[in-house]
Every structure is written in structure tokens, then in C-alpha cells.
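Asks: Structure provided below as C-alpha cells; questions to follow.
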Amino acid sequence: MGNNVTEIKQDGFEAIEEGMSFAELFNDEQLNVANVGDVVVGTVIDVSDYFAVIDIGDKSESEIALSEFKSDGEKIEVKVGDIFDVFVEKREAEGGLRLSREKAIGIKVWEDIASIEEADGTIQGRIDNRVKGGLSVDIGVPAFLPYSQIDLRPVKDLDNMIGQTFDFKILKYNRKRNNVVISRRAILEAEREKLRETMRSSLIEGSVITGSITNITDYGVFIDLGGLDGLCHITDLSWGRVSHPSKLFKVGQEVEVKVLKYDKDTDKVSLGVKQLKSDPWSTVEERYPVSSQTVGKVVSITDYGVFAELEEGVEGLVHVSEMSWSKKTRHPSKIVTVGDEIEVSVLNIDVDAKRISLGMKQLQPNPWDLVIENYPVGAIIEGKVKNITDFGIFIGIEEGIDGLIHVSDLSWTERIKHPSEKYAKSQTIQAVVLKIDREHERFSLGIKQLTPDPWQQTVEKYPVGTPVEGKITNVTDFGIFVEVEEGIEGLVHVSEISKDKVNTPVGMYNVGDTLETKVISVSAKDRKIGLSIKALSAGNDEGSMDEYQKTQAATGPSTLGDLLKTELDNQDN
């Protein structure tokens, strides 16, 4: 190297004149090429274990700690020959400089921030971590991304965004406070508005498009069509039952939909998913004809029956009365549970009302079909008492079949005020089959029919003219009831008390007294015995009997048993 310097250049610096000696050069303050606070270009001329030696063309080289060259927090990336901006922090007393690469980067970033904000441009940044109220983003300097500016809609999984790089708009900044607020939403809104304009011109009712689900509510699903949001109401999601849209779809899922209605004035779009398929009810009669058998899935249980899904959009009701042949009322939940697959028979279809009546019991043998064959009239059966009522007792014959023994068929002669006086639940008893009404599903039984009717013997035992003695059981205005023997009562009509006219026997006779009478009529069919006191007088038998027969039509039943039976017969009818 000569004593004169012809030219020295350092990134635009040109301050040496021809003929200037090195002695003059090194003693001249002009060699101080950088001032404190400047950002200048430096070149790496050496790298040690802890420092990188930087030449910026000043009197002497300077050092920068290797920690300022770390990439991703750990890896050091620097080598001889690298050129980059550095910031002049301080000039040392001995003439050296304190440099900083990090501060130079920061200054450059702030300059970029200012120009980008002024030009309404974008800056790229990487999301570092979550902070109070939003996210911290590295754009060269730490920037704050508020929750409301992250996306067009609330983001559920913010942690998933950490480490990702996006473009951002600068909302505001303050260099002195090192404060920058940025927005990703502003960019997305601008992009969305462009898409919306395109969608407005191309969206046609009846068209089929694909969108992404952005939100799910109780009443439907919101779908992003690309610039415009549309609503698919819960009733348009499926032809079948939908308990909640979330059972069918999830946020982020892409779904094909049909545009049902588009209001250009309000940008409201109504969408449908089920409309992509034909209405299953249009051909339901062909696929499920009446009397056909099929399989359904129980989807709902109520007090009055169960709803079974035959296919998507087609449900039928199995009424509780069609679930079992048994007359015993059972809640449907005792027979089936939601999710069960059940075999059913199609009973009726109303396409207009979209209703199908189904039956389960129709697939099982009807026990009444075999009743007449297995239990003919006159047969003696045995069963347990299942229920006791005022009017009789019910006997369990077999599953679904109960027989009724009316109170009037419990005994030929006993006065039974209530069946519970003689019988108890679960008691095993025998009875005779009296009548089977298949149409109304009624099975009539009798206990008294197990023994002969004592009235048949009464006719032979008490012929007309026979004197009898018995105890008075009741005294009424129209006559006196006398117990001829246990279970057999006769009536002394008021006209048969005396030859003299008697208005009423009440007060003349007392219950429990013994009374002598004579039989003036007897009928096993009508179960009546006519008695007379005045007939005890000789020669009056025939006249008394004629008089009695004339009054029978007016007086009605002649015993308390007959009165009770007549009343029960009236109730039964």
C-alpha cells in the first residue's frame, strides 16, 4: 500500500482526496464515518466464540455479542462476509464504537411500520404467545393483536395459532412507547367484501353450492358461501327428526347446500340440505303398504306410545294399545327403549298429514283367537284372582286374557255385598265358562254354576199349598220377606196378610220374628215363592193364589236377592 490514498469507498462514503497521506488521514476526524445514533452498514470480518468483529469503515473495528445473531432463540447464524445494518450506540473514550444489530433492526422495523401504516399496506408477523386481551405477534418488534381483530368470528382454539405466520394491518403505533396494535380481521374483511361482490352477482335461487359451517345454534346452521353467510334452518337440515344441529354437523365442516331464497336487499340467504334429496313421503305408500311388515328404530317414547323411524324422514307411531294384546296398561318404556329396533306392521298411512300408524302386537298371535277352542262354554277352568271390584272379580286365564265372575254369579243363595267378603287377590279358584264375546274380548265366568241351582229343588220341595214357617228378614210397604230356608226367601204380599185391608205391614211385624205362611206360588225360572198368611184359613187357597198372581206385575221381584240381581243386571246393561 502506498503513502497516498487515491480512493477509499465505503457504501457511498467518499471523503478522501487524492494526494492525502495516511498520516493526515488517521489524524483527521473525517475518519469518524459514523455518529452516535446512526444506522450504518457493517461487515463481519471475524467470528470468535463470543463475539463477531464488525468493520463499518471507522478508525477501528467493533464487536457485537453473538447472542444478537441467534435465530429462533437458540441457533447462532453469522459468518465472515455477512453484511447488515448496525446501530451506533456509543463512541468509547479510546476511540472504539459500541454497536447493536438488534437496535438497528428495531429502527428499520419502525421505519417500515410508519411507511406501511401510511400506505395502508400489510406487514408479516408470527404469533408468539397469548397475552391479556389477545395475542403477542413478532413483526420485528412485539405487536398486540386484540381478540376482536384475530378473525371474522371468535376463535375457539387460540393455542393452535401460536407459531403461525400471517399478514396484518397496522391499526396504530407509538414508537416512543414501543406500542403497535395490528389486525388480521381487517385483511379478512377486505377479502370477504371482494368475495361478497362476486357472490352477489352469481348467487341464484335453486343453485347447489358448497360452503363451510361457521356457527351452529339451536335453530340451525350458519354456512359461509364465500363472502356471504347463509342460514340452514333446523327444519331444512334433514327429512328426519333432528334433536340438535350439532348431532349432524360440526363447525368447519364443508357441506353441499341448495339456495332456497336470496334477498339481495338484505343479503339474507336461506339454505337447505334436505332439499338435495327427494321427499321420502312422496313414495311412502309404495314402500310401506298397509299390512306390510318392516323394521323401525325407536326414536322417542311418550305416555301414549312410541315413535319408530322407518327411514330418514319417515316415522310412525305405535300406540300403546297396539303394543301388546294384554289389557294391562303398561308404560311404553317398560316394553322398549330408545334405540331399539322393533318389528312392526303398517296399520294406516295418511300421506297428507305425514302420519303412519304402526302395530307391534299384530305380529304376535292373538290369544283371543284360541279362547273359544281352548275354553268352550261349560268348561271348568282354574285361575288366580287378579282384581276385585264392586261388581265382581277378575280371574287370570292366560297372558292377555282375564275372565269376569259377576257378583250375581258368585252364589245361588248367599247375599254378597262385596266380593272381597269371600275372595282375596292371588287366591286360586275354579269357575265355569258361561260366555265368550270374541268381538268385545269379554270372558264371562261363574262360580255358583259349579253346583246345582237350589231353586230347582225348591219347586219340588215347596209345592203350592205347602205350609211353611220362617223368619222375617225384611218388612216393606208392599209386603213381608220371609226366609223359608237358608238362601231362599218368599214374599207375603200386603194383600196376603189378612182378609181385611192392610195398607202397610210396617209396624205390624218385626225382622227376626217367626211367621207361619202357606205357599201360593213358586217359580224356579223367576226364582220366586209367593206366600200368604190369610191362605192359612181353609177354603181360601184358590182365591188367595189368584189375587197374588194379579199383583205380581205391579210388585216386581219377590225377594231381596231378586232385587239385588235386577239392580246388577241393570248396571251391567
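Asks: Name the residue, out of 98, 130, that is in contact with a Lys or Arg (Cβ under 7 Å, 6 or more places away or on another chain) and part of a strand (DSSP E or B).
Replies: Testing whether each residue is in contact with a Lys or Arg (Cβ under 7 Å, 6 or more places away or on another chain) and part of a strand (DSSP E or B) leaves just 98.
Asks: Considering only residues of the range 323-336 that are free of Cβ contacts under 8 Å to residues at least 40 places away in the same chain and surrounded by 12 or more Cβ atoms within 10 Å (Cβ to Cβ), which is farthest from residue 299 (Cα to Cα)?
Replies: My answer is 323.
Asks: Counting just the residues of the range 365-401 that are under 37 Å from the mean Cα position of the chain (by Cα) and exposed (fewer than 13 other Cβ atoms within 10 Å of the Cβ), which one comes out farthest from residue 431 (Cα to Cα)?
Replies: 365
Asks: Further, regarding this structure: Among the residues of the range 185-206, is there at least one that is in a strand (DSSP E or B) and over 19 Å from residue 266 (Cα atoms)?
Replies: The answer is no; no qualifying residue exists.
Asks: Taking the range 351-393 on its own, how many of its residues are more than 23 Å from residue 307 (Cα to Cα), in a loop (DSSP other than H, G, I, E, B) and touching an Asp or Glu at 6+ places or on another chain (Cβ under 8 Å)?
Replies: Final tally of qualifying residues: 1.
Asks: Separate question: From the list 403, 396, pick out the single residue that is part of a strand (DSSP E or B), of a type in the set (Gly, Ala, Ser) and touching a residue at least 24 places away in the same chain (Cβ under 8 Å).
Replies: Exactly one of 403, 396 is part of a strand (DSSP E or B), of a type in the set (Gly, Ala, Ser) and touching a residue at least 24 places away in the same chain (Cβ under 8 Å), namely 403.
Yes/no matrix, rows are residues, columns are (1) under 19 Å from residue 242 (Cβ atoms); (2) in the same structural domain as residue 386 (by TED's automatic domain parsing); (3) among the acidic types (Asp, Glu):
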residue	(1), (2), (3)
286	no, no, yes
303	no, no, yes
315	yes, no, yes
325	no, no, no
333	no, no, no
341	no, no, yes
352	no, no, yes
358	no, no, no
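A quick yes/no check of all residues on (1) over 18 Å from the mean Cα position of the chain (by Cα); (2) surrounded by fewer than 17 Cβ atoms within 10 Å (Cβ to Cβ); (3) more than 28 Å from residue 235 (Cβ to Cβ):
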{"site": "272", "(1), (2), (3)": "yes, no, no"}
{"site": "291", "(1), (2), (3)": "yes, yes, yes"}
{"site": "338", "(1), (2), (3)": "no, yes, no"}
{"site": "345", "(1), (2), (3)": "yes, no, yes"}
{"site": "355", "(1), (2), (3)": "yes, yes, no"}
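Asks: While we're here: Within the range 250-289, how many residues turn out to be assigned to a strand (DSSP E or B) and of a type in the set (S, T, N, Q)?
Replies: Looking only at that region, the number is 1.
Asks: Something else now. Checking residue 412 against (1) touching an Asp or Glu at 6+ places or on another chain (Cβ under 9 Å); (2) assigned to a strand (DSSP E or B), which test does it fail?
Replies: That leaves (2) as the condition not met.
The values are calculated or read from the model by the stated rules, or taken from the named source; none is laboratory data. Please read these numbers as outputs of a predicted model, since none were measured by experiment. Cβ coordinates were reconstructed from backbone atoms using ideal geometry, including for glycine residues, and neighbour counts include every protein chain displayed.
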